[in-house]
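A.B. asks: Pasting a structure here, questions to come.
The values are calculated or read from the model by the stated rules, or taken from the named source; none is laboratory data. Because the structure is predicted, anything quoted here is derived from the model rather than measured. Positions of Cβ are backbone-derived with ideal geometry, glycine not excepted, and every protein chain shown enters the neighbour counts.
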Amino acid sequence: MSAAGLTSAPAGGERRTPRRPTGRRSAVTFEQANRRLRWAMLSPALLFVGAMIVFPLVFTADLSLTNAFGAVNAAKDHIGPTNFTDALADTRRFWPALGRTVVFTVGAVLLEAVLGLALAMLLRRPFRGMRWVRTVLIIPLLATPVAVGILWLLILDPTNGIANHLLTSVGLPPQEFLGSVGQSLPTLVLIDVWQWTPMMTLLLLAGLTTLPEEPEEAALVDGAGAWQRFRYVTLPMLLPTLATALVLRAVDALKTFDLLYATKGPGGGSDFEVETLNVYAYGLTFDYQEYGLAAAVLVLFTLFIIGVVVLLRRRGGGRNA
Amino acid sequence: MTATTSPVPPTAAARDRRRKALAVARGTAIALVVLLLGLPIVWMFAAAFKTNVQVTDPSVGLWFTPTLENFRAVLEAGQIVRSMGNSLLVGVVSTVLSAVIAVPAAWAVGRFAMHRTASLILVARIVPAISLLVPWYYLFAQAGLVGSYTVLVLSHMFVSVPLIMWIMISFFAGLPVELEEAAQVDGLSAFGAFRRITLPLAAPGTATASLLAFVFSWNNFMFALVFADDSTQTVPVTLFHFISYASTDWGGLMAATTLITLPVLLAAVLGQKYLVAGLTSGATKG
């Protein structure tokens with residue numbers, strides 16, 4: 001490859017001529033030089049992320065086998081897998097928290113996938129004002145989750161909120177929303193849907209632009225209706241993007257903390273009604289200083305997330321994410 | 001779709017009418033979605049300009065005489081201004097430092113397809129941050145750093161570095177190798193080719209990724225909740241304390257949320273095209 005290159009004079013030569021590959025240097029090909037460089041370029045980021053994650057994970061795994069309580073550096077004993085058996089036997093906090101995590105994630109992500117897909121199909125063909133619609137789409141997902149939580153507390157306030165005002169004005173009964181034990185989790189699912197459906201839509205729109213036109217045109221020529229073209233042509237081609245989007249959203253939804261904590265406070269409310277595993281682990285750590293038990297819950301939670309990701313990737317056949 | 005009766009070809013006028021009806025239906029649906037997504041934000045802005053009596057009276061709606069009293073009170077109390085300063089400082093420093101280490105790393109991964117090495121980045125996205133908080137707290141407490149800006153910057157970088165890498169890897173992977181090879185044939189070192197040829201091409205992508213990293217740092221709640229003290233508190237934590245201690249002052253609360261949402265809103269309006277590209281990169285290709 002260098003034969004052709006060497007005949008061309010270096011651009012802006014006077015400063016760079018000394019750096020022309022000499023006989024000795026040319027023993028090292030450019031590709032080899034690049035390969036040496038890549039580790040130098042990669043290592044700062046890799047070392048940083050590694051240092052921030054590897055020691056803590058080992059620390060947490062070790063902590064989960066101890067009776068650490070009260071202060072992080074207080075004396076502690078290794079007590080074997082007691083914390084794990086305690087957590088798994090706990091039907092008052094642990095299992096309900098896992099259940100809520102699953103309900104919240106499945107509810108939110110499924111709704112976001114269906115609505116996001118519908119919205120992506122609606123916005124697919126260009127139209128006047130697309131720019132502004134896209135701006136409105138990204139505002140919810142860039143907005144500070146704590147601020148979003150507070151905003152919805154105002155809108156959904158059972159006595160003074162605009163939501164109940166609108167409901168009663170069309171003859172529907174007012175709702176308790178975040179003020180009741182039963183409605184809190186479904187309400188938070190809907191707030192999450194408001195905030196993150198646009199993300200699903202944007203990911204799917206990006207996927208739609210990469211699809212070839214021909215299959216759909218061919219289906220149109222063959223007399224397929226709009227639904228058939230979507231169901232049998234567009235959707236199958238879009239599946240890899242959909243799978244990736246599902247993994248991305250599921251991972252974030254499983255770990256939702258800000259919205260839940262901002263709207264319902266520590267413990268997920270008086271009756272733990274929105275306490276997911278993340279909120280539970282946070283409370284164990286910072287409200288109860290039950291470091292050992294908290295670490296065990298976090299190890300179980302992390303394994304659960306990894307399990308979900310592996311499952312979704314295998315089912316969806318997604319190559320990435 | 002019954003194939004037995006071939007439909008009578010519709011007249012041009014009928015087809016035209018049908019297309020117009022579809023366009024109207026589509027426009028209506030789009031308008032409805034925009035209203036559903038946008039109205040809550042509009043409601044927040046409106047509430048910030050209402051008196052506390054008006055905020056809790058839903059019949060006031062969007063027609064009222066605006067007052068700046070909420071903003072005056074919130075700004076006078078001072079905490080929100082200090083917190084915005086802290087958030088700005090932590091956001092800018094963590095984003096710049098992250099870009100400095102993440103962009104070269106993304107180049108290495110994208111250019112040489114080092115996907116196994118990059119899987120550490122995925123681990124960073126998957127692991128619940130709470131499982132890192134206690135060990136971090138332990139380490140930072142030993143170093144006497146809890147409550148300092150350093151801890152906030154480092155913890156926010158833990159989110160920004162993977163985010164910037166995630167966005168930039170697919171960018172570098174899509175760049176033709178020949179560009180750098182030609183530069184090296186012309187006498188640039190491997191690093192020189194990256195710095196003078198590849199990096200300028202990556203400037204728009206880097207700007208997008210950095211803007212997103214800044215927004216996510218600005219929004220980050222949990223790290224500052226644990227690691228900040230009163231003097232280094234960031235905006236979401238201040239907002240959270242507003243709910244706990246002044247839940248009746250809706251006007252002030254909405255003025256505060258408006259103030260912290262404005263920068264994000266500005267970014268959304270000005271950088272819409274780039275932000276969308278950044279948010280969706282990596283989802284459609286490896």
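A.B. asks: Please list, ordered by residue number, the helices (runs of 4 or more DSSP H) wholly in segment B:24-131 having 2 or more residues that are farther than 27 Å from B:HIS156 by Cα and at pLDDT 85 or above.
C.D. replies: Filter on segment B:24-131 gives B:69-77.
A.B. asks: Let me ask you something else. Quick test of your reading of the structure: B:ALA228 fulfils all but one of (1) over 27 Å from A:ALA143 (Cβ atoms); (2) aliphatic (A, V, I, L, M); (3) touching a strand residue (DSSP E or B) at 6+ places or on another chain (Cβ under 8 Å). Name the failing condition by number.
C.D. replies: (1)
A.B. asks: Going by what's in this entry, would B:ILE164 be described as part of a helix (DSSP H, G or I), under 16 Å from the mean Cα position of the chain (by Cα), among the aliphatic types (A, V, I, L, M) and under 30 Å from A:VAL310 (Cβ atoms)?
C.D. replies: Yes, satisfied.
A.B. asks: Given the criterion among the aliphatic types (A, V, I, L, M), surrounded by fewer than 20 Cβ atoms within 10 Å (Cβ to Cβ), assigned to a helix (DSSP H, G or I) and at the interface with chain B (Cβ under 8 Å from one of its Cβ atoms), identify the matching residue among A:LEU153, A:LEU167, A:LEU190, A:LEU122.
C.D. replies: Result of the check over A:LEU153, A:LEU167, A:LEU190, A:LEU122: A:LEU122.
A.B. asks: Sticking with this one: Quick check: anything in segment B:141-150 at positive phi, assigned by TED's automatic domain parsing to the domain that holds B:ALA209 and over 20 Å from the mean Cα position of the chain (by Cα)?
C.D. replies: Yes, segment B:141-150 has at least one match.
A.B. asks: Here's something else I'd like to know. Quick one: which residue in A:LEU65, A:LEU37 is aliphatic (A, V, I, L, M), touching a strand residue (DSSP E or B) at 6+ places or on another chain (Cβ under 6 Å) and modelled with pLDDT of 80 or more?
C.D. replies: None of the other options fit; the residue is A:LEU65.
A.B. asks: Now for a different question. I need the full set of residues from segment A:223-239 which are of a type outside the set (S, T, N, Q) and at pLDDT 90 or above, in order please.
C.D. replies: Listed by number, the residues that qualify are A:TRP227, A:ARG229, A:PHE230, A:ARG231, A:TYR232, A:VAL233, A:LEU235, A:PRO236, A:MET237, A:LEU238, A:LEU239.
Residue by residue, here is whether (1) of a type in the set (A, V, I, L, M); (2) over 21 Å from A:GLY149 (Cα atoms); (3) assigned by TED's automatic domain parsing to the domain that holds A:LEU298 holds:
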{"site": "A:ALA243", "(1), (2), (3)": "yes, yes, yes"}
{"site": "A:PHE257", "(1), (2), (3)": "no, no, yes"}
{"site": "A:GLY267", "(1), (2), (3)": "no, no, yes"}
{"site": "A:PHE272", "(1), (2), (3)": "no, no, yes"}
{"site": "A:LEU277", "(1), (2), (3)": "yes, no, yes"}
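A.B. asks: Could you look through segment A:275-291, keep only residues that are of a type in the set (Phe, Trp, Tyr), buried (at least 24 other Cβ atoms within 10 Å of the Cβ) and within 14 Å of A:ASN83 (Cβ to Cβ), and pick out the one that is modelled with the highest pLDDT?
C.D. replies: Only one residue fits best here, namely A:TYR280.
A.B. asks: Still on this structure, please answer the following. Does A:VAL233 count as farther than 29 Å from A:PRO56 by Cβ and more than 11 Å from chain B (Cβ to nearest Cβ)?
C.D. replies: In short, yes.
A.B. asks: I need every pair where a residue in segment A:197-211 that is closer than 11 Å to A:ALA245 by Cα and more than 8 Å from every other protein chain (Cβ to nearest Cβ) has its Cβ under 8 Å from the Cβ of a residue that is among the polar types (S, T, N, Q) and part of a helix (DSSP H, G or I), sequence separation at least 6 or different chains.
C.D. replies: A:LEU204/A:THR241
Here is a yes/no grid of residues against (1) within 30 Å of A:ARG38 (Cα to Cα); (2) within 26 Å of the chain's Cα centre (by Cα); (3) within 14 Å of another protein chain (Cβ to nearest Cβ):
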position	(1), (2), (3)
B:ILE41	no, yes, yes
B:PHE45	no, yes, yes
B:THR56	no, no, yes
B:THR67	no, no, no
B:ILE80	no, yes, yes
B:GLY85	no, yes, no
B:VAL92	yes, yes, no
B:VAL103	yes, yes, yes
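A.B. asks: Given the criteria at pLDDT 85 or above, closer than 24 Å to B:ALA118 by Cβ, hydroxyl-bearing (Ser, Thr, Tyr) and out of contact with any strand residue (DSSP E or B) (no Cβ under 9 Å at 6 or more places or on another chain), does B:SER210 qualify?
C.D. replies: Judged against the criteria, B:SER210 is a match.
A.B. asks: What residue, of A:ARG100, A:ARG92, A:ARG36, is surrounded by fewer than 19 Cβ atoms within 10 Å (Cβ to Cβ) and in a helix (DSSP H, G or I)?
C.D. replies: A:ARG36
A.B. asks: Suppose the filter is more than 16 Å from the chain's Cα centre (by Cα) and at pLDDT 90 or above; does B:ALA255 pass it?
C.D. replies: yes
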